[in-house]
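Report on the structure given below.
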Amino acid sequence: MKKTTQLMEELNGSDDINSFLSNNKDSLDRQDFARYLCELVKKKKMTKIEVIRISQLNQIYGYQIFAGARLPSKDKIIAIALAMKLDVDTVQRLLTLAGEAQLYPKNTRDCILIDAINKGYDVAKLNKVLFENGSQCLK
């Protein structure tokens, strides 16, 4: 798998997009959010219903997320990530796949979210810390 900077250099120097795509197909992101999320659930040896319950999502909405029928908001992704005890890099990837902004350490609320992920907080504890710091709780 090539690094992003290497791909960018090759793309900028490429005369033919089709040959670039063909030569780099293993490094290009073709994975969708729901598929990646389901892979993570298996990797963590959890069930979808466990993740939905621990993340405090509505059950129907949660299953729609796993089926790929709905893309969750940033807050729902954070709740899912906390339920699964994911690391920050994995959360950033989920956010990107869902078309959401990545966590940004110059944003106060995002700093709290990153800290909660690193410390393995649950949704309730994160919401308490967000509230105590004048930030919006997870929706």
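Below, the figures for the structure above:
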| quantity | calculated |
| --- | --- |
| Filter result (assigned to a helix (DSSP H, G or I) and in contact with a Lys or Arg (Cβ under 9 Å, 6 or more places away or on another chain)) within the stretch 51-73 | V51, Q59, Y61, G62, Y63, Q64, I65, F66 |
| Every pair of residues 6+ apart whose Cβ atoms lie under 9 Å, when the first sits in the stretch 23-35 and is more than 13 Å from R93 (Cα to Cα) while the second is assigned to a loop (DSSP other than H, G, I, E, B) and at pLDDT below 70 | D26/M1; S27/M1 |
| Members of the stretch 54-78 found to be in contact (Cβ under 8 Å) with a residue 24 or more places away in the chain and more than 21 Å from T96 (Cβ to Cβ), listed by number | I54, Q56 |
| Selection from the stretch 68-112 of residues that are modelled with pLDDT under 95, closer than 22 Å to K45 by Cα and surrounded by fewer than 16 Cβ atoms within 10 Å (Cβ to Cβ) | G68 |
| Any hit, the stretch 6-21, residues being at pLDDT below 95, part of a helix (DSSP H, G or I) and under 24 Å from S135 (Cα atoms) | no |
| Test: residue in the stretch 47-61 that is of a type in the set (S, T, N, Q), over 12 Å from the mean Cα position of the chain (by Cα), modelled with pLDDT under 95 and loosely packed, with under 13 Cβ neighbours inside 10 Å | no |
| Residue list for the stretch 113-128, restricted to those being surrounded by fewer than 17 Cβ atoms within 10 Å (Cβ to Cβ) and in a helix (DSSP H, G or I) | D115, N118, K119, A124, K125, K128 |
| Answer residue from the stretch 87-138, given it is over 16 Å from the mean Cα position of the chain (by Cα) and polar (S, T, N, Q) and is farthest from L28 (Cα to Cα) among those | N133 |
| Verdict on A98 being under 23 Å from D32 (Cβ atoms), touching a residue at least 40 places away in the same chain (Cβ under 8 Å) and small (G, A, S) | yes |
| L138 being assigned to a loop (DSSP other than H, G, I, E, B), touching a helix residue (DSSP H, G or I) at 6+ places or on another chain (Cβ under 7 Å) and more than 30 Å from K2 (Cα to Cα) | yes |
| Candidate set: the stretch 36-46, residues that are assigned to a loop (DSSP other than H, G, I, E, B) and basic (K, R); chosen: the one farthest from the chain's Cα centre (by Cα) | K45 |
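The values are calculated or read from the model by the stated rules, or taken from the named source; none is laboratory data. Since this is a predicted model, take the numbers as computed values, not measurements. When we count neighbours, we look across all protein chains shown, and the Cβ atoms used for this are built from the backbone with ideal geometry, even at glycine.
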